[in-house]
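Worksheet: one structure, shown below.
What follows draws every value from the coordinates through simple rules; no lab data is involved. Since the structure is predicted, the reported quantities are computational estimates derived from the model, not experimental observations. Glycine gets a Cβ as well: all are built from the backbone with ideal geometry, and neighbour counts include every protein chain shown.
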Amino acid sequence: EIRVEDDRTGLDIETLKRAFADNLFYIQGKLGSMATPNDYYMALAYTVRDRLLQRWLNSAQTYLRGDVKVVCYLSAEFLLGPHLGNNLINLGIYDRIEQAITESGLDLQELIAQEEEPGLGNGGLGRLAACYIDSLASLEIPAIGYGIRYEFGIFDQEIQDGWQVEITDKWLRYGNPWEIARPEIAVEVKLGGYVDHYVDDAGNYRTHWIPDREVHGVPYDTPILGYRVNTANTLRLWKAEAPESFDFQAFNVGDYYGAVDAKISSENITKVLYPNDEQVQGKRLRLEQQYFFVSCSLQDMIRLYLLENPNLDNFHETFAVQLNDTHPSIGVPELMRLLVDEHHMAWEQAWQITTHTFAYTNHTLLPEALEKWSVQLFGRVLPRHLEIIYEINRRFLDMVRIRYPDNDAKLASLSLIDELGKKSVRMAHLACVGSYAINGVAQLHTELLKKDVLHDFYALWPEKFSNKTNGVTPRRWVVQNNPGLSKLISRKIGDRWITHLDELRKLEQFADDPQFQAQWQQVKQNCKHQLTKQIKERTGVVVDPTSMFDIQVKRIHEYKRQHLNALHIITLYNRLKENPDLDLQPRTFIFGGKAAPGYFMAKLMIKLITSVGEVVNNDPDVRDRLKVVFLPDYNVTNSQRVYPAADLSEQISTAGKEASGTGNMKFSLNGALTIGTLDGANVEIREEVGAENFFLFGLTTPEVKEQKANGYNSWDVYNANPGLKKAIDMISCGFFSHGDQQLFKPLLDSLLYDDKYMLFADYQDYIDCQDRVGDAFKHKDAWTKMSILNTARSGKFSSDRAIREYCQEIWQVEPVPIELQE
Ligand code: 26Q
């Protein structure tokens, strides 16, 4: 006897097989004989989704209780990666599903590979948001992730003739089985227009914002299941739609084409993710995106709150709202507007609530990445918010004047408005003033925030500042992407490390054990074999899986210095050319990463890497001892094959530029050794794994500053260092570009005449350090020991640890376990 629910919740193999067949027939409308791999994937995804739903609904219901505090993580990006494998692991049914699928005559890996990953982010910041919502759910913390449902996520990258080419990411093409639209709770968002001030019949000052556009925000919900718990939180992403009534009746009478234009322009808001990170451009549509999703989210929180409460007086006791960088910082004036204009609250009370609601995470020290909006543009898109910002600023500067009497310089440097040059709104200042907590993402980064970028705010409110070193989820970045390593670890120390990553320390005792070392090497070798196969398939390059895999994968940026890595490759190549019989440790250099489409220098860096690869890979004198690979389309899916296969992790940014880095953590957890500068979280990784298990090189942050102050001149370094000079001259004379001496000129000129990121200053130390790496790799057992110790001592870099710190020190939230009712 079978009950309906059994087919949708049952976890035994027979039920899973039946549910899978059922979904294929009734949802995909296919029989086995006509089903495509995608049909099978969809049928399996629905089978898994059914099993998430009761947990999800129970979680949602529990959170509606009045006494639960909920974290709202506001982020313009969530770089989730594929859901299926992750949900199978967190549900604890991976093995059973594998068996059910195999017994249905199919291959689970092949079905998992069908999923188009939601690439709703650029890189580190977006992926951090994804790790954090995994940890929130796994720690049973009530949480909602709020963001944008971009129709086109980060572009797909192809390499043509060595150059990056961008392809539209049509991730929704075949439907998305993980989301559920909730049009019944859509909200309205206003844009543009002007503001009316008047006195109402009761004598109150009131404000009326008359927009020239209104947009519908429709939420699409995705369940985020925790690891082996019943908690399934919600990721709520907003899609912009045109409200029919608005376009076709009130505002565009008789103008059909105009009405359709208005519809298109509304729906443009959530069309596409801006593919630049760390260099902002101040585009109107981007401001509209930010305001759109933040307004939708705050309105949604207020709706939820008023379901249980008579008024908004204690809003901040129910919601802790985290701002993932300044991208959602328009939330500060928006919450003020909602409270004051729409809910008629007094300014002072509204300000109390607002400044006890928001907390702000800063992710960057680069001046060009600090968001600014021209006052003129801002006033056109958000006229009421500009007024509110001026009022916040007026009151804030009154306070500053008391603290620093007769100090106009202080006022100018703290003001929310930059009055120099083109008048603009400083979003980081807005976020600092509107938040009760401000944090950096690694120890060094937080110190530099306090000392430099936000120094004046630190002087004002030292108690608001704290450090929250980033972390990554061990479920995706070890269990899922490295099953071989996970099984080996669990055989030795049990599986509690998956939720308590510090327990990896128990591996230390086996670091010298020859048998364990052999097993460890075997796992690494298998991973390298798999990546070797993938490299062959995707690039045609044949690499030696016994060579050292030396990997740099991350967004392409001058400050991340992929071109320093390239200079090392050229240097080794020159040594081989001078002495073909040199006893050189064979290496495979693997690069991956996207360049912002408008960032010419980054695109040229890709061309340099692929050009060097073309020469090195095909020179018979090299005898395959060096290979250079550029893996196209680096994304979450592809990265999961990369981290486990790495011997060496390249973390070589100029000291003081990388806020934290998170790839560095994924590598170390998977047993790669790091060659790195004292930048971002590298500092803490080295502290944890031990200086003797980390390859350190390069100037420190104060040394960089000092050299620049003392007139650092890269031209002199170039002339004084023959190895460097030779490498640069080869690029310059067209050795890697079929004689074209113009191709790389912009890149070389920036190095020879400016070298903002101090490549030449760090060149020799980097080369010397790489020589030590090469020597160390020859001693297999010593290397393996270092590899084991890297994994064993990287427990700190779990996002569970990071989220526990946020919960205790910023959000003041507690776990709420979910009971499963019928
Ligand atoms: C802003 C305005 C307009 C258009 C785009 C943007 C924009 C988008 C994305 C600005 C920045 C980003 C992404 C930044 C980012 O990924 N930062 C990284 O954050 C990681 C998580 O904290 C850190 O580990 C990295 O060090 C940091 O570079």
| query | In nm, to one decimal, how far is the modelled label at Leu57 from the one at Glu809, with both set 7 Å along Cα→Cβ? | reply | 4.1
| remark: Listing Thr546, Thr355, Thr270 by rising number of other beta-carbon atoms within 10 angstrom, fewest first, gives Thr546, Thr355, Thr270
| query | For Arg575 and Tyr205 in one chain, what is 0.36 nm times their gap in residues minus the Cα-Cα distance, to one decimal in nm? | reply | 125.4 nm
| Out of the DSSP beta bridges found with both residues in segment 213-359, what percent are antiparallel (nearest 5)? | 85
| Given just the C-alpha atoms of the chain, how large is their convex hull per residue in cubic angstrom? | 187
| remark: Full extension between Gln352 and Met730 adds, at 0.36 nm per residue less the Cα distance, a length in nm of 129.8 nm
| task | May I ask for the net charge around Trp351, where only other residues with Cβ less than 10 Å from the Cβ of Trp351 are counted and Lys, Arg are +1 while Asp, Glu are -1? | result | -1
| query | Which value in Å is the Kirkwood Rh of segment 543-792 over different Cα pairs? | reply | 18.3
| Counting Lys and Arg as +1 and Asp and Glu as -1, each charge on the Cβ, what is the dipole of the chain about the Cα centre in debye, to the nearest 20? | 1100
| With a sphere of radius 11 Å drawn around the Cβ of Gln534, what net charge do the other residues whose Cβ falls strictly inside it have (Lys, Arg +1; Asp, Glu -1)? | +4
| request: Please name whichever of Ala143, Leu64, Gly32 sits farthest to the positive end of the charge dipole of segment 1-151, dipole taken about the Cα centre and charges placed at Cβ: Lys and Arg +1, Asp and Glu -1. | output: Leu64
| task | Show me 77-90, 506-519, 276-289, 668-681 ranked by packing, highest mean number of other Cβ atoms within 10 Å first. | result | 668-681, 77-90, 276-289, 506-519
| remark: Taking Met336, Met665, Met730 and counting other beta carbon atoms within 10 angstrom, the fewest-first order is Met730, Met336, Met665
| query | Contour minus end-to-end for Leu584 and Lys708, with contour as 0.36 nm per residue of separation and end-to-end as the Cα-Cα distance? | reply | 41.1 nm
| query | Around Asn314, what is the net charge, scoring Lys/Arg as +1 and Asp/Glu as -1 over all other residues with Cβ under 13 Å from its Cβ? | reply | -3
| said: For Lys778, give me every one of the lysines with a C-alpha distance below 16 angstrom, ignoring sequence neighbours fewer than eight places off in its own chain. | reply: Lys524
| query | Hey, fewest Cβ within 10 Å first, where do Ser75, Ser714 land in order? | reply | Ser714, Ser75
| said: Skipping prolines and chain starts, which residues have an amide H placed within reach, meaning under 5 Å, of the one on Gly145, given they are 5 or more residues away or on another chain? | reply: Tyr73, Thr234, Leu235, Arg236
| task | Could you check what % of the DSSP bridge pairs in the chain are antiparallel, to the nearest 5? | result | 45
| field | Whole-number percent relative contact order across the chain, with pairs defined as alpha carbons under 8 Å at least 6 apart | value | 14
| Rounded to the nearest 500 deg cm²/dmol, what is the calculated helix-only ellipticity per residue at 222 nm for the chain, with -39500 (n - 2.57) per DSSP H run of length n ≥ 4? | -13500 deg cm²/dmol
| message | Charges at C-beta only: +1 for Lys and Arg, -1 for Asp and Glu. How large is the resulting dipole of segment 543-792 about its Cα centre, in Debye rounded to 20? | response | 620
